[in-house]
1. Which one, PRO216, PRO121, PRO68, has the greatest fluctuation when you compute a Gaussian network model over the chain with C-alpha springs under 10 angstrom?
2. Normalising by the residue count of the chain, find the relative contact order in percent from Cα pairs under 8 Å and 6+ residues apart.
3. Just the number: Rg to Rh for region 186-281, Cα atoms, Kirkwood Rh, two decimals.
4. Counting other beta carbons within 10 Å of each residue's own, what order do PHE183, PHE275 fall into, fewest first?
5. For Cα Rg over 2.2 N^0.38 Å, several values are listed as (1) 0.98; (2) 0.93; (3) 1.27; flag the one computed from this structure.
6. Once you've got the Cα coordinates, tell me which of LYS24/LYS265; LYS49/LYS249; LYS122/LYS190 are over 19 Å apart.
Amino acid sequence: MKFGINTYLFASPFTNESVSYFQKFKEWGFDFVEIAVEEPENIDPVFVKKALDGSGLECCSVCAATGPGRDLRGNRKEQVTSIEYIQALIDIAPVLGANLVAGPLYSEVGRADLVPDDKKPKQWLTVVNNLKKLAAYAEERNVKLAIEPLNRYETDFINTCDQALDLIRDVGSDFLQIHLDSFHMNLEEKDPALAIKKAGSKLGLLHASGSDRGTPGGDQIDWDRIFAALDNINYQGNIVIESFTPDVKVIAKAASIWRQIEPSKEAIAVDGLRFLRSLAF
């Protein structure tokens, strides 16, 4: 089991200049970095990979940012924009040394509506068809996709592991997996540990965040049960700390971080990593 840090904690958007954080991440003891690529044109992936190699870090996954205009269940223009964006991430991932593109790929984050029951099947089928195209594109490049259930305030589409499993079943591709997040599970799952067991071999990535979006371990989540569930399914994937502070303004607004939850970004990274490693099997 390896542990990484999502770049959202320190930079948004991620650019070539953001590689300056890599050496710190390595010094703090992280095995890899998860790079949130909001705008593919903001980075030169060859340059970023060289910086990763120079710091002794790996990039395990590329985190998608499906903001306004990127919506696989939106209007035709939004669907095309989203498909082109995710394809760009799939192309970038191998250059960075990663084999996974993760996040709420299915919809625009923040789109949370009371959708009439008679309109839900059309939305579902639209997303399924678009994900089939993307999964085929990813398979050709040996990159996997992992869809992340979000809490009810950020999406009305996929909130739970069960819903994600239904979507994966309907897409029917081995290159589509589940990306679970402890923060979202704490809000939406009856039992986060059971959700992990249900995901089983489909679990491609776990985000570790405190129940208040702060440091893993300094919160009310039952982390012992989380790790017992990971052990139960023989999870061999990666665990990424994804927490936020008010310092990165764009993400703070998107994630509703209105106060200083922890002493510093460094404290979240260092203390969180120490705690997670103490539980690793």
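Quick note: the coordinates plus some simple rules give every number you see, no bench work behind them. Small disclaimer: the values here were computed from a predicted structure and weren't measured. Counting neighbours? That spans all protein chains shown, and the Cβs are built from the backbone with ideal geometry, glycine included.
1. PRO121
2. 18
3. That ratio equals 0.98.
4. PHE275, PHE183
5. Label of the calculated value: (2).
6. LYS49/LYS249; LYS122/LYS190, as the Cα separations exceed 19 Å there.
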